[in-house]
Amino acid sequence: MTTGRASRTRRQAGLGPPLVVVSPAVIGVLFLLLPTAAILIRTPWTRLGSIYRQQGVWTALRLSVESSLEATVLSVVFGVPLAWALARLRLPGMGIARAIVTIPLVLPPVIGGVALFNALGRKGILGDPIHAVLGRDLPFSFPAIVLAQTFVAMPFLVITVEGAFRIADRGVEEAAATLGASRSRIFLRVTLPLVLPAVLLGAVLCWARALGEFGATLLVGGNVRGVTQTLPTLVLTVFNNNPADAPALALPLIVVAVVVIGALRDAWLRPMAAT
């Protein structure tokens, strides 16, 4: 009752949602909804089973999920320490390091693939050492897909976690230090739990970006069916040959992304944000 009276009072006082905000918000939602709705409308539902059997959708989806999860793990392992360094260290060149982190965010994915190919390919900067260690070239292999997805997705995690490190309560860390805890123990037992919600959020964003990655994976990993063909690259192949079937192939990726992100948000992010 009290909440209802307060809401009516705010509306009467002119503190309700302004039209200048509501109208663009509604248009924005409809604009973002339209492409997904178009996929659902144009999907040939009666031929869904035969399309999935013929095109190898489940193999491509498995490769997409496996590679994106591995890319997310790599991003967490290397991205969280990098975020801490960007947030806490005051050393010359940190501004350049931060700019380097943002490069994959502004580069077109295809350009990122070209950059990775020139860095890791047979004739790339690290091509000979990689060939000497692995006995083969890295491009057009499953590890190449994982590295390409890590390259484009890690900045999402780093930027998210860096902000959390900046606003984390330093007093708790100082208290642990006065009690004799080592720096590594403080980071693992005090600092990391403080920013854990941001790490989870960054990991979800990172995974979602890796799952949908297309340009860099296509150039570095190729599009070999059953080996390096992820679902996004499969969609391109089918779209070039039979555009009418392409919406059907987009459905599994949309379902996986929506279900997983929704589950993580409800089970992890909201409860942790409330604590």
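Under the condition of being in contact with a Gly (Cβ under 9 Å, 6 or more places away or on another chain) and in a helix (DSSP H, G or I), which residue from the range 204-230 is surrounded by the fewest Cβ atoms within 10 Å (Cβ to Cβ)? My answer is G215. Tell me, yes or no, whether the range 195-202 has at least one residue that is among the β-branched types (V, I, T), assigned to a loop (DSSP other than H, G, I, E, B), touching a helix residue (DSSP H, G or I) at 6+ places or on another chain (Cβ under 8 Å) and surrounded by fewer than 17 Cβ atoms within 10 Å (Cβ to Cβ). No: zero hits. Quick check, is P247 modelled with pLDDT under 85, in contact with a helix residue (DSSP H, G or I) (Cβ under 8 Å, 6 or more places away or on another chain), under 13 Å from I51 (Cα atoms) and of a type outside the set (S, T, N, Q)? Spelling it out, it is not the case that P247 is modelled with pLDDT under 85, in contact with a helix residue (DSSP H, G or I) (Cβ under 8 Å, 6 or more places away or on another chain), under 13 Å from I51 (Cα atoms) and of a type outside the set (S, T, N, Q). Candidates are the residues of the range 158-171 that are touching a Leu at 6+ places or on another chain (Cβ under 7 Å) and surrounded by 13 or more Cβ atoms within 10 Å (Cβ to Cβ); the one that is modelled with the lowest pLDDT is A168.
Listed by first and then second residue, the pairs with beta-carbon distance under 8 Å, at least 6 apart or on different chains, first residue in the range 94-123 and closer than 21 Å to A210 by Cα, second polar (S, T, N, Q), are G113/T217. Of all the criteria given as (1) assigned to a helix (DSSP H, G or I); (2) surrounded by 10 or more Cβ atoms within 10 Å (Cβ to Cβ); (3) modelled with pLDDT of 55 or more, the one not satisfied by R11 is (3).
The values are calculated or read from the model by the stated rules, or taken from the named source; none is laboratory data. Bear in mind that the values here come from a model prediction, so they are computed numbers and not experimental data. Virtual Cβ from ideal backbone geometry, glycine too; neighbours counted across all protein chains shown.
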